[in-house]
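Everything on this sheet refers to the single structure shown next.
The values are calculated or read from the model by the stated rules, or taken from the named source; none is laboratory data. None of the values given here were measured: they were computed from a predicted structure. So basically every Cβ, Gly included, is an ideal-geometry build from the backbone, and we count neighbours across all protein chains shown. The protein model used for the area step is the full one, side chains on, heavy atoms only, and it has no ligands, DNA or RNA in it. Shrake-Rupley method; radii C 1.70, N 1.55, O 1.52, S 1.80 Å.
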Amino acid sequence: MNGDETSCLLTLGHGYSAAALARRLIPHGWHVIGSTRRDEKAAMLATEGVEPLRWPGDDVAAHAAIIRASHVLISAAPEPTADGGGVDPVLAGLGDALRARGGGQGAGIRWIGYLSTTGVYGDRAGAWVDETSTLETASPRGLARVAAERDWIAFGAETGIAVQIFRLAGIYGPGRGPFAKIKAGTARRIIKPGQVFSRIHVEDIAAVLEASIAEPNPGAIYNVCDDEPAPPEDVLGHAASLLGLPPPPEVAFDDAEMTPMARSFYMESRRVSNRRLRDELGVTLSFPTYREGLAADLATERKAEA
């Protein structure tokens, strides 16, 4: 996607997915400003061609960045509240500055992408969900995401900015795969009968965002996941086979040592449909299943080690 003199992406929460999108846009003339809290991350962003922004922290610089931005990507997580809602840090801290750039025309902000999660659907005991499904999450994190989605959609309707919601499945990619743990012998296949997860490769996330920027659809919500939800033990077993190693040992879910966060993910099982992103955005996934994605990631990691 070729940029012009006004093509400036501001990423509020410049993480793994935002970095993948930046790598696609910068070679085509886009300017990218990425926010971070940490000095070392700011220095790293500069080496990647991204202008670092210290936010939260420097509101003056953040307001100046918003004035320059034509597109905004938000991945900062909302804070759960006691009433079962959430406070979005971007709307709370920068909402007025973004609102002043609304209108949807001329030199205003033309697109806002909000990165949410498929966790908003809650547990479906392995059943399929799509963007029309009810949101049945019961966790504080999930309820905060539901509130943030609602607030961003309302913000778009109020300002005329094309706001789109992207519900991401479990993200993987180079450096975020299972290979290191498998090679170290620390990986375990946690067995919980009936458990399935949906996944998405980071490069496919970037492709979806790029397609949305090219053809904004105000108020649209997209599930961002691959074609094949799968049990986690199948993914680990396949990754081990790519390495020429035996599958990691099996551990029953009830006996597994896990962080509270990791255990909470296993309390929900669902299959997520990606039909809308294919039909409306015309995206063809580069990694339609974990098999293609893991093979590509292993090749990338081996090339980096060579």
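Of all residues in region 18-44, how many are under 23 Å from R101 (Cβ atoms) and either in a helix (DSSP H, G or I) or touching a Leu at 6+ places or on another chain (Cβ under 9 Å) (or both)? Within region 18-44, residues that are under 23 Å from R101 (Cβ atoms) and either in a helix (DSSP H, G or I) or touching a Leu at 6+ places or on another chain (Cβ under 9 Å) (or both) number 13.
Rundown of residues vs (1) touching a residue at least 12 places away in the same chain (Cβ under 8 Å); (2) touching a strand residue (DSSP E or B) at 6+ places or on another chain (Cβ under 9 Å); (3) open to solvent by 40 Å² or more (accessible area, probe 1.4 Å), yes/no style:
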{"residue": "G119", "(1), (2), (3)": "yes, yes, no"}
{"residue": "G142", "(1), (2), (3)": "yes, yes, no"}
{"residue": "A157", "(1), (2), (3)": "yes, yes, yes"}
{"residue": "G177", "(1), (2), (3)": "yes, no, no"}
{"residue": "I182", "(1), (2), (3)": "yes, no, no"}
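Could you tell me whether region 238-261 includes any residue that is under 15 Å from Y172 (Cβ atoms), open to solvent by 30 Å² or more (accessible area, probe 1.4 Å) and at pLDDT 95 or above? Yes, region 238-261 contains a residue that is under 15 Å from Y172 (Cβ atoms), open to solvent by 30 Å² or more (accessible area, probe 1.4 Å) and at pLDDT 95 or above. Given the structure, is T132 assigned to a loop (DSSP other than H, G, I, E, B), surrounded by 16 or more Cβ atoms within 10 Å (Cβ to Cβ) and of a type in the set (S, T, N, Q)? Taking the combined requirement at face value, the residue does not satisfy it. In this structure, does I171 turn out to be open to solvent by 40 Å² or more (accessible area, probe 1.4 Å) and part of a strand (DSSP E or B)? Considered against the rule, which asks whether it is open to solvent by 40 Å² or more (accessible area, probe 1.4 Å) and part of a strand (DSSP E or B), I171 comes out as yes.
Residue check: A20 meets all listed conditions (1) within 20 Å of the chain's Cα centre (by Cα); (2) surrounded by fewer than 21 Cβ atoms within 10 Å (Cβ to Cβ); (3) closer than 24 Å to I165 by Cα but one, namely (2).
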